[in-house]
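What follows is a single structure, written as structure tokens, with notes after it.
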Amino acid sequence: MAANGKPKEDWDPRSEDVLRDQRAAYDEMRERCPIAHSEFMQWSLFRHEDVVRALRDHATFSNAVSRHLSVPNGMDPPEHTAYRRIIEPYFAAQRMDAFEPACRKIVVELLQDALSRGETELTAEFAIPFAVRVQCAFLGWPPGLHEPLAHWARKSHDATLAEDRHALSELAREFEGYVDELLEARLRAGAVPRDDVTAALMHEEVWGRPLSNEEVASILRNWTVGEIGTISAAVGILAQYLSQHVELQERLRARPSLVPAAVDEILRIHGPLVANRRVATRAVEIGGRKLSSGDRISLMWLSANRDGRVFEDADAFRLDRDPANNLLYGAGIHVCPGAPLARMELRVVMEELLGRTARIEPAPGKAAVNAVYPASGFTSLPLSIRPR
Ligand code: HEM
């Protein structure tokens with residue numbers, strides 16, 4: 001304990017050292033101080049075992065981390081269960097199959113541009129535009145929103161890192177503004193559920209009444225964050241990993257059926273999502289540390305999925321690992337509902353990227369730049385891509 005009665009700081013998640021290479025810093029923390037306290041995050045759980053414990057015990061480790069409405073991310077049962085029931089069908093297999101051609105068209109258009117130049121800064125020229133365009137196509141939103149959404153996602157990232165609560169609530173309002181316009185346009189047009197996903201959500205009911213605009217906006221905001229933040233990071237991580245492992249490119253080109261398992265394994269080694277939050281509902285001891293009721297907790301996905309206690313030789317790419325241990329999409333009642341969409345999108349990106357290139361390599365003389373918390377992946381990823 002420090003003199004002021006607060007737990008002593010074990011680390012600084014925003015120090016330059018940590019931000020420069022989050023994965024290396026978290027690997028070090030997992031071994032040195034697996035349940036660590038900091039002013040910024042309060043408690044961080046770095047070990048696989050402790051993260052799984054929190055996921056399984058949602059009565060003690062609650063998702064009600066914020067005063068603001070967050071559907072369904074910020075909810076516990078029974079509210080959570082009611083909203084999950086509405087959301088899950090939107091990611092059903094038939095919907096994903098129906099959406100795949102539109103998704104592939106976006107990938108091909110964006111790749112053709114990059115291939116014609118032979119070199120690309122993949123984050124700005126492919127990963128972010130891909131995520132934004134796919135999101136709008138999936139929800140039935142107009143292309144005019146591509147740029148504002150990309151800008152909104154950048155501002156959200158900066159406000160989270162700066163812990164700027166005022167900016168974050170302004171951003172939530174800005175997003176509600178976009179959604180209000182989209183909903184009004186559909187109301188004016190008398191849209192029916194089959195018109196698009198946004199119109200369908202407007203007609204959903206919870207507790208025997210229609211979803212409010214605020215609830216629809218919150219659902220869509222959480223999908224947008226999943227899509228734009230996490231998918232764009234995942235695309236960069238996959239492309240960078242391929243550029244560093246030419247033999248894996250060749251193996252996957254020869255056997256494309258390995259792509260889905262390869263995607264999950266690469267993203268286990270280098271996670272696109274850093275952390276999610278919980279709050280303790282009672283005093284609880286974990287790994288010898290005493291947490292009080294009301295304490296905030298971060299589940300450090302990026303670290304848990306690299307825990308050598310569960311993944312032997314954790315940095316090695318191996319397709320024979322038990323997929324049940326991979327926490328890429330979480331586990332338990334909050335497991336990612338968007339995983340079927342994410343898996344389809346990332347498979348299509350990999351199929352086209354590998355199928356249309358002879359070789360993907362780091363661009364000579366240009367270095368990749370790591371993204372910083374709360375993002376993972378790369379803010380800049382210069383690659384040389386040779387067409388077939
Ligand atoms: C590679 C891409 C993605 C990864 C790695 C990922 C990962 C995750 C993880 C680990 C969780 C659990 C969070 C927790 O336990 O607190 C989660 C939840 C969630 N994800 Fe994803 N996600 C991805 C893409 C998406 C997409 C594309 C969408 C929607 C379009 C989405 C929507 C959500 C939502 C709404 C939740 C909250 C679920 C709940 O609280 O019940 N995600 N995601």
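Conditions (1) modelled with pLDDT of 95 or more; (2) touching an Asp or Glu at 6+ places or on another chain (Cβ under 8 Å), marked per residue:
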position: VAL197; (1), (2): no, no
position: VAL235; (1), (2): yes, no
position: LEU242; (1), (2): yes, no
position: VAL246; (1), (2): yes, yes
position: VAL263; (1), (2): yes, no
position: ARG277; (1), (2): yes, no
position: ARG289; (1), (2): yes, no
position: SER292; (1), (2): yes, no
* Does LEU267 qualify as being away from the ligand (no atom under 16 Å from the Cβ), buried (at least 20 other Cβ atoms within 10 Å of the Cβ) and within 30 Å of PRO77 (Cβ to Cβ)? -> no
The helices (runs of 4 or more DSSP H) lying wholly within the range 39-148 that contain at least 2 residues that are more than 15 Å from the ligand (Cβ to nearest atom) and modelled with pLDDT under 95 are 93-117
Any residue that is within 11 Å of the ligand (Cβ to nearest atom), within 28 Å of ALA54 (Cβ to Cβ) and touching a residue at least 60 places away in the same chain (Cβ under 8 Å) - is there at least one of those in the range 360-382? yes
*Tell me, yes or no, whether the range 160-170 has at least one residue that is buried (at least 16 other Cβ atoms within 10 Å of the Cβ), under 20 Å from ALA234 (Cα atoms), at pLDDT below 90 and within 16 Å of the ligand (Cβ to nearest atom).*
yes
Checked pairs for the range 262-281, first over 25 Å from ARG14 (Cβ atoms) and in contact (Cβ under 8 Å) with a residue 24 or more places away in the chain, second of a type in the set (Gly, Ala, Ser) and not in a loop (DSSP other than H, G, I, E, B), C-beta under 7 Å and 6 or more apart or across chains, list as THR281/SER62
Filtering helices (runs of 4 or more DSSP H) wholly in the range 185-263 for at least 2 residues that are in contact with a strand residue (DSSP E or B) (Cβ under 8 Å, 6 or more places away or on another chain) gives 232-244, 246-254
Taking the range 74-99 and keeping residues farther than 15 Å from LEU220 by Cα and among the small types (Gly, Ala, Ser) leaves ALA82, ALA92, ALA93, ALA98
Just one listed residue, out of VAL65, VAL71, VAL52, is aliphatic (A, V, I, L, M), closer than 28 Å to ALA304 by Cα and in contact with a Phe, Trp or Tyr (Cβ under 6 Å, 6 or more places away or on another chain), and it is VAL71
Can you confirm whether LEU211 is more than 22 Å from MET344 (Cβ to Cβ), touching a helix residue (DSSP H, G or I) at 6+ places or on another chain (Cβ under 8 Å), more than 10 Å from the ligand (Cβ to nearest atom) and not polar (S, T, N, Q)?
yes
Of (1) under 27 Å from PRO340 (Cβ atoms); (2) free of Cβ contacts under 8 Å to residues at least 60 places away in the same chain, LEU171 satisfies every one except (1)
Residues of the range 13-32 being in contact with a strand residue (DSSP E or B) (Cβ under 9 Å, 6 or more places away or on another chain) and in a loop (DSSP other than H, G, I, E, B), in sequence order, are PRO13, ARG14, ASP21
From the option list ARG386, ARG359, single residue qualifying as outside any helix (DSSP H, G or I), modelled with pLDDT under 95 and surrounded by fewer than 19 Cβ atoms within 10 Å (Cβ to Cβ) is ARG386
Residue hits (the range 247-257; of a type in the set (A, V, I, L, M) and touching a helix residue (DSSP H, G or I) at 6+ places or on another chain (Cβ under 6 Å)) are LEU252
Against the definition (of a type outside the set (D, E, K, R) and surrounded by fewer than 20 Cβ atoms within 10 Å (Cβ to Cβ)), how does SER44 come out, yes or no? no
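The values are calculated or read from the model by the stated rules, or taken from the named source; none is laboratory data. The shown structure was predicted, so the numbers you read here are calculated from the model rather than taken from an experiment. Ideal geometry is used to build each Cβ from the backbone, glycine not excepted, and the neighbour counts take in all protein chains shown.
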